[in-house]
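Taking it in order: structure first as structure tokens, then the write-up.
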Amino acid sequence: MHMLTIVMTGLMTIFSGCEKLPSIIEDIDYLRANRVLRTATFNIEYNNTNSTSIPWEQRKHTVKQLFSDYTFDIVGVQEPYRSQLNDLANLLPQYAYVGHSVMGSTSADQQLTVGILYKEERLALLDSGMFWLSETPDVLSKGWNNTQYRICQWGKFKDKSTQRIFYYFSTHLDFDTEAYLPTLQLISDRIKQVASGYPAILGGDFNFNQTTSTYQALIAEGFFQDTHLYAEELINPFQGTFTNYGSGLSGTNRIDHLFVANCSNIHIAKRKVITDSYAGVYPSDHAPVMAELVLPPMCSTTPARRDTIREDFKRAVIKGLYPAGNVIAPSGMWLFDGALVYHKEPTDYRPMAPRLIGVNNRGTPDLLGPGFIETAFTLPGLDQVDVEFVSMPATSEVGPDFALEIQVSKDGGNSWESLGTKHTERHNLATASFRPQIPASQPVTVKIINRSPQLDTDLVRGNRINILSVQFIVPHSSK
């Protein structure tokens, strides 16, 4: 089994062949009529008797209310003991369950479980199975230095309203960072083997967040698509998922994820991290993640081509430091050097933007030279590039001239040629627009550089530039 590796290709998935959906989808009749499948993943937490948790006897009623409010069609669940699942069977009679404990049991109590709750009125279970997250996945085992037994439970389902078949994989990863990539490779291999030709959903508590190299590798590899990145409507985009019964609501790290895989034309209508409480009681220490999906009549494994690729970085993963690092965004992986991504800074023109620092000497050895962002994916040629930006100087002592240069490379970044430089004044909105007309047969990478002249100054933040959007227009393929 090969290790998961980072492949620097653009994540240019488009969800075609699906009707336009309203911005808010709440009406149940509408959901059924338009074939929207309401999916979720939810770490319910085991019956933890520690004082830091809320007793299950209180929580179970909030779990019932949560399911009643959101009318999920299918939910991957992690951790509950068998006795908790028995309670849920009584409280939620419209749902059936398939799953195992981490020891492989379907009946033993006081063992962590991984499973799937599904609405029997809507879905029929056709097949199911499980495997351990280890080098020997078909026998009881711990893998890759995991401290606990870990499993993945899957189910094959038919949607009775559409007759469409899909798979749901529910999992709960360990805490050992060295285990993540081989574990994810195992899950990827099993999805391809078990769900070949059909849409697959992967939900669970992954214990790594969106800022980690593991997440970057997972998304860059391209098989899994994060519903957070591609949802038509993204609700509370900065909300973390480990809320710790409300005390962690301000966190932004997402360790519970809901991915789609195996099929490039699944339409992701909406995604939400649910932080509801009932009379002050939260259902769990984790927040459920919900996504509304429209499954295609036929599954395509080839991403549809886009002639226009637009990135505004509103969903990009936060990068709070200027030294070089990778940033995941819906368009793909970017390299940021002397640049960062941030949220909700009140002095800015909009909540989020890449910020480029252009001072030639920024005071530290690793921050010399102009700030830039660069595509870590290749474009199939380039007809036109448009970069909307605004200068945001921290002091009136700099300027008045601010400049943004765009370069392209045709050899994977070994050499660069300039398309030109756009100049503007302090606080002015401007667009750098160039038409290189590079044919589709020529792969291209793009670099955007802050060239604001700041001679004879060591100001650290003087000539900041915020990039508001980047748009690439690629030529039509000759094929």
Please go through the stretch 137-154 and give me each residue that is of a type in the set (Val, Ile, Thr) and free of Cβ contacts under 8 Å to residues at least 12 places away in the same chain, ordered by number.
VAL139
Take TYR168 and decide whether it is under 28 Å from TYR97 (Cβ atoms), assigned to a strand (DSSP E or B) and of a type in the set (Ser, Thr, Tyr).
yes
Residue satisfying all of: in the stretch 65-79; closer than 14 Å to ALA291 by Cβ and either among the aliphatic types (A, V, I, L, M) or assigned to a helix (DSSP H, G or I) (or both); farthest from the chain's Cα centre (by Cα) among these
TYR70
Just to verify a result, which residue in the stretch 69-120, among those that are touching a residue at least 24 places away in the same chain (Cβ under 8 Å), exposed (fewer than 14 other Cβ atoms within 10 Å of the Cβ) and not polar (S, T, N, Q), is nearest to LEU133 (Cα to Cα)?
MET103
If you check GLN193 against the conditions, is it part of a helix (DSSP H, G or I), without any contact (Cβ under 8 Å) to a residue 40 or more places away in the chain and under 26 Å from CYS299 (Cβ atoms)?
yes
Residues that are among the small types (Gly, Ala, Ser), within 22 Å of ASP276 (Cβ to Cβ), at pLDDT 95 or above and in a strand (DSSP E or B): does the stretch 91-111 have at least one?
no
Hey, among the residues in the stretch 214-242 that are of a type in the set (A, V, I, L, M, F, W, C) and assigned to a loop (DSSP other than H, G, I, E, B), which one's surrounded by the most Cβ atoms within 10 Å (Cβ to Cβ)?
ALA231
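Every residue, every condition in (1) touching a residue at least 60 places away in the same chain (Cβ under 8 Å); (2) under 20 Å from GLU79 (Cα atoms), yes or no:
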| residue | (1), (2) |
| --- | --- |
| HIS228 | yes, no |
| ASN236 | no, no |
| GLN239 | no, no |
| THR243 | no, yes |
| SER247 | no, no |
| GLY251 | no, no |
| PHE259 | no, yes |
| ASN265 | yes, no |
Please tell me if GLY399 is small (Gly, Ala, Ser), modelled with pLDDT of 90 or more and in the same structural domain as MET333 (by TED's automatic domain parsing).
no
The stretch 282-324: number of residues that are under 22 Å from GLN239 (Cβ atoms) and either part of a loop (DSSP other than H, G, I, E, B) or out of contact with any strand residue (DSSP E or B) (no Cβ under 6 Å at 6 or more places or on another chain) (or both)
14
Check whether at least one residue in the stretch 277-287 is surrounded by 22 or more Cβ atoms within 10 Å (Cβ to Cβ), under 17 Å from ASP226 (Cα atoms) and in contact (Cβ under 8 Å) with a residue 24 or more places away in the chain, and report yes or no.
yes
For the condition in contact with a Leu (Cβ under 8 Å, 6 or more places away or on another chain), part of a loop (DSSP other than H, G, I, E, B) and either buried (at least 23 other Cβ atoms within 10 Å of the Cβ) or not β-branched (Val, Ile, Thr) (or both), what is the one hit in PRO182, PRO137?
PRO137
What are the residues in the stretch 260-281 that are farther than 11 Å from PRO296 by Cβ and assigned to a loop (DSSP other than H, G, I, E, B), if any?
ASN262, ILE274, THR275, ASP276, SER277, ALA279, GLY280
Of the residues that sit in the stretch 121-134 and are touching an Asp or Glu at 6+ places or on another chain (Cβ under 9 Å) and closer than 30 Å to ASN145 by Cα, which one is surrounded by the most Cβ atoms within 10 Å (Cβ to Cβ)?
LEU133
What number of residues within the stretch 280-334 are among the aromatic types (Phe, Trp, Tyr), outside the structural domain of GLU79 (by TED's automatic domain parsing) and touching a helix residue (DSSP H, G or I) at 6+ places or on another chain (Cβ under 7 Å)?
1
Among residues of the stretch 196-213 being crowded, with 20+ Cβ neighbours inside 10 Å and not in a loop (DSSP other than H, G, I, E, B), the residue farthest from the chain's Cα centre (by Cα) is ALA200
Closer than 30 Å to ASN265 by Cβ, in contact (Cβ under 8 Å) with a residue 24 or more places away in the chain and surrounded by fewer than 19 Cβ atoms within 10 Å (Cβ to Cβ) - does that describe any residue in the stretch 165-172?
yes
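The values are calculated or read from the model by the stated rules, or taken from the named source; none is laboratory data. Being a predicted model, the structure only gives us computed values, none of them experimental. As a convention, Cβ positions derive from the backbone with ideal geometry for all residues, glycine included, and neighbour counts pool all protein chains shown.
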